[in-house]
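Encoded as C-alpha cells, the structure appears first; notes follow it.
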C-alpha cells in the first residue's frame with residue numbers, strides 16, 4: 001500500500017501497460033480512498049471546490065486515482081512533483097535557451113543522469129503511455145541511478161523559481177550566445193525541421209505551418225525567401241524576439257527582468273565561445289556538435305534593412321543581456337571559474 005506521491009511513483013516500477021493502471025491504483029492506502037486523498041496523492045494539492053471534495057454514489061478511490069493519472073494536470077506537474085518527492089537527488093537545473101548548444105549538452109549529460117525534460121509534461125509531445133514508461137524507468141532503476149537528476153528541455157528560469165526547485169545543493173546553469181547569431185540559427189533550425197518533417201508529425205512543425213498559413217509542406221520550396229519570411233513574420237516573435245531574456249527573465253523579454261532573475265538565482269551563465277572549455281572542466285566532456293541545422297540564411301547575406309530589423313526589433317534586449325554576461329565573464333576571469341561567466345548575487 002502507498003500513502004504518498006513518492007509511494008505512487010515507486011509503484012510504477014510494476015507498470016506494464018496503460019490498460020493495467022488498476023494494478024497500480026489498487027495499492028492506494030485504504031485511508032486515502034476519498035477525493036481529498038486522491039488529489040493529495042496524485043496532484044499534491046487539495047481539490048479545487050467543495051463538489052470535487054465529496055464522494056458521489058458508487059465512488060471508487062482506485063478508479064478516481066486511475067482517472068487522475070490520465071489527466072493533463074498530473075502530466076503537467078510531474079517534473080515538479082517527482083523532484084519534490086525525491087529530495088535526496090541533487091538537481092541539475094539547465095535553462096536551455098534554444099540554439100545555444102543545449103541539445104549537445106542535454107544529450108551528453110543524459111547518458112550519466114536520469115532525465116526530466118519539459119516535453120515530458122506536454123501531452124502533444126509525450127503520450128500518457130510514454131510518460132508512464134519514463135516513470136517506470138525511474139522507479140524500477142532507482143537504486144542504480146546516479147544521485148543527480150538532469151532537468152532541461154526549455155524550462156525557463158522563472159519556472160524553476162516559481163516551482164521552488166532551486167536549492168543550495170543544486171546546480172543551476174545556462175548557455176547564451178551572440179543574439180544575432182542565435183536568431184539566424186533559430187530560423188535555420190525551423191527551416192531544417194520543417195524540411196525533414198514534411199508530413200508534419202511533430203507538434204512544432206504543425207504550429208509553424210499554421211503560423212505561415214500553410215495547409216501542408218509537400219510542395220514548399222525551402223529557400224532563402226521562405227527563411228526571410230519566417231524571420232519577419234510576427235507569429236514567430238515569441239521564438240525569435242529577445243528569447244534569451246524571456247528564458248532567463250519574464251515574458252516581457254526585457255533585459256531588466258533577466259538581469260534581476262540572474263542576480264537573485266546566482267545562475268551560472270556560460271558564454272557559447274567558452275562552452276567547450278567549460279564542458280571539459282565542469283563535466284569532463286567533449287562537445288559532439290549535435291543538432292546542426294542546414295544553412296538557409298546568413299547575417300552576411302541579408303540586406304541592411306533586415307540586419308537593422310534583427311538588431312533593433314528582435315535582439316535589442318538580448319544584446320544588453322549578452323554584454324552583461326560578457327562583462328561578468330571579464331570581471332570573474334581571475335576567479336576559480338575563468339571559463340564560464342557565473343553571476344554573483346552581489347553583482
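Helix 255-265 versus the longest principal axis of the chain: what is the Cα-based angle in degrees, 0 to 90, to the nearest 10?
Between the helix axis and the principal axis of the chain, the angle is about 50 degrees.
How tilted is helix 316-331 with respect to the longest principal axis of the chain? Cα atoms for both, answer in degrees (0 to 90, nearest 10).
90
Please work out the FRET efficiency for the pair residue 201 and residue 31, using the Cβ-Cβ distance as r and a Förster radius of 45 Å; give the result to the nearest 0.05.
Here the calculated transfer efficiency is 0.50.
For the range 194-322, what is one quarter of the convex hull surface built on the Cα atoms, given in nm²?
The orientation-averaged projected area of the Cα hull of the range 194-322 comes to 9.9 nm².
Return the distance in nm (one decimal) between the two label points of a simple spin-label model at residue 276 and residue 84, each offset 7 Å from Cα along Cα→Cβ.
Placing both labels 7 Å beyond Cα along the Cβ direction yields 4.3 nm.
At 0.36 nm per residue, and after removing the present C-alpha to C-alpha distance, how many nm does the segment from residue 143 to residue 112 gain when stretched out fully?
Difference between extended and current length: 9.7 nm.
Restricting the count to DSSP beta bridges whose residues both fall in the chain, what percent are antiparallel, rounded to a multiple of 5?
Of those bridges, close to 10 percent are antiparallel.
Could you estimate the translational diffusion coefficient of the range 13-88 from the Stokes-Einstein equation, with Rh from the Kirkwood formula over C-alpha pairs, at 37 °C and 0.692 mPa s, in whole µm²/s?
Working: Rh = 13.2 Å.
Estimated via Stokes-Einstein, D reaches 250 µm²/s.
Given Cα pairs under 8 Å that are at least 6 residues apart, what percent is the relative contact order of the chain? Before the final figure, lay out each step's value.
Working: 495 pairs, mean separation 60.4, N = 347.
It comes to 17 percent, rounded to a whole number.
Looking at (1) 39, 26, 18; (2) 57, 21, 17; (3) 33, 25, 19, which value of semi-axes √(5λ) of the Cα gyration tensor in Å comes from a calculation on the structure shown?
Looking at semi-axes √(5λ) of the Cα gyration tensor in Å for this model, the match is (1).
Would you kindly state how much longer the chain becomes between residue 210 and residue 229 on full extension, computed as 0.36 nm times their sequence separation minus their alpha carbon distance, in nm to one decimal?
That pair, residue 210 and residue 229, stretches by 5.5 nm at full extension.
On a 0 to 90 degree scale, rounded to 10, what angle separates helix 179-196 from the longest Cα axis of the chain?
Between the helix axis and the principal axis of the chain, the angle is about 60 degrees.
At 7 Å along Cα-to-Cβ for each site, give me the label-to-label distance between residue 22 and residue 312 in nm.
According to this spin-label approximation, the distance is 6.7 nm.
How large is the helix-only mean residue ellipticity at 222 nm for the chain, computed as the sum of -39500 (n - 2.57) over DSSP H runs with n ≥ 4, divided by its residue count, in deg cm²/dmol to the nearest 500?
Estimated from H runs of four or more residues: -12500 deg cm²/dmol.
Express in % the proportion of alpha carbon pairs of the range 128-285 at distances exceeding 23 Å.
Numbers: 6837 of 12403 pairs.
Considering the range 128-285, 55 percent of its Cα-Cα pairs are separated by more than 23 Å.
Bear in mind these aren't lab numbers, they're just calculated from the coordinates by the rules spelled out. None of the values given here were measured: they were computed from a predicted structure. When we count neighbours, we look across all protein chains shown, and the Cβ atoms used for this are built from the backbone with ideal geometry, even at glycine.
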